[in-house]
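Nothing in this text is a laboratory measurement; each read-out follows from the coordinates by a stated rule. Quick caveat, the model's predicted, so the values are computed rather than measured. Cβ sites come from the backbone with ideal geometry, for glycine too, and all protein chains shown count toward neighbours.
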Ligand SMILES: Nc1nc2c(ncn2[C@@H]2O[C@H](COP(=O)(O)OP(=O)(O)OP(=O)(O)O)[C@@H](O)[C@H]2O)c(=O)[nH]1
Ligand SMILES: [Mg+2]
């Protein structure tokens with residue numbers, strides 16, 4: 001088992017004041033409406049209906065929080081027992097007091113109408129303010145449909161997120177393209193992201209092919225998220241109720 005498979009639903013929040021008041025790191029999943037944010041969370045966590053995915057665009061209207069934990073022994077683990085840090089046998093979770101490591105946050109999608117992100121007041125009030133003001137925000141997973149490339153709204157979003165926050169862009173629904181088309185789309189996106197207007201060092205803005213249905217890019221994405229959470233200064237906390 002690994003970190004993301006421990007995810008459990010914590011809360012649905014429509015006002016920022018109701019977010020948890022601890023300092024655990026949070027990874028936000030953001031992107032256009034219907035891009036596949038909730039499906040990506042479900043696949044990454046190996047669960048069918050953890051986050052609510054739907055054919056109806058705009059299904060996710062609130063911030064949905066999912067807690068991640070590890071048995072204490074898995075945090076500082078070296079390779080001596082053959083397991084990597086953050087991995088553990090399934091029985092171990094039950095035996096040991098868990099340590100809460102952080103949270104995944106599913107956010108409402110943007111992009112119903114062709115207006116700049118900051119004029120969409122409902123999105124702005126909740127997801128927009130969350131992304132700009134939440135001190136727990138450790139990193140962002142930006143979900144984009146591999147067939148659409150980077151839209152103006154996604155570019156707006158990149159400007160919106162503080163420059164020091166790392167962003168992993170998942171080019172999802174990769175199963176909809178042929179192998180060759182996928183590689184071309186990835187290359188094109190890597191090129192696009194080098195443009196100076198994105199104002200983010202390359203190490204803080206990476207992209208990855210992904211498919212929730214075909215489980216493409218799953219392990220790579222899990223590793224990135226795990227590293228963000230376990231390398232975070234805030235990651236080591238005594239067990240606490242959440
Ligand atoms: N083929 C394919 N379909 C996908 C993939 N990921 C998501 N979908 C489909 O895309 C639709 C939208 O997925 P969601 O995960 O609900 O998208 P969302 O971004 O959470 O949508 P909102 O919450 O409405 O913003 C659903 O019909 C999913 O089944 C994928 O990797 N491949
Ligand atoms: Mg959703």
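Between residue 125 and residue 178, what's the calculated FRET efficiency when r is the beta-carbon distance and R0 is 41 Å? Round to 0.05. If you can, show how the numbers build up before the last one.
Numbers: r = 41 Å, r/R0 = 1.00.
So, using R0 = 41 Å, E works out to roughly 0.50.
If a/c stays under 1.5 just call it rounded; otherwise compare a/b with b/c (prolate if a/b is bigger, oblate if not). Do that for segment 120-234, with a ≥ b ≥ c from the square roots of the Cα gyration tensor eigenvalues. Judged from the Cα gyration tensor, segment 120-234 comes out prolate (a/c at least 1.5, a/b above b/c). In a fully extended conformation the segment linking residue 190 and residue 147 would gain 14.0 nm over its present Cα-Cα distance, using 0.36 nm per residue.
Averaging the Cα positions of each part gives two centres, and for segment 11-25 and segment 179-224 these lie 29 Å apart.
Shown here is the pair-distance distribution of segment 138-183: with all Cα-Cα distances grouped in 10 Å bins from zero up to the longest one, the shares run 25, 48, 23, 4 percent.
Using packing as a proxy for protection, rank 23-34, 205-216, 190-201 so that the peptide with the highest average count of other Cβ atoms within 10 Å comes first. Don't skip to the answer; put the middle values down first.
Values: 23-34: 22.0, 205-216: 19.6, 190-201: 12.2.
Packing order, densest peptide first, comes out as 23-34, 205-216, 190-201.
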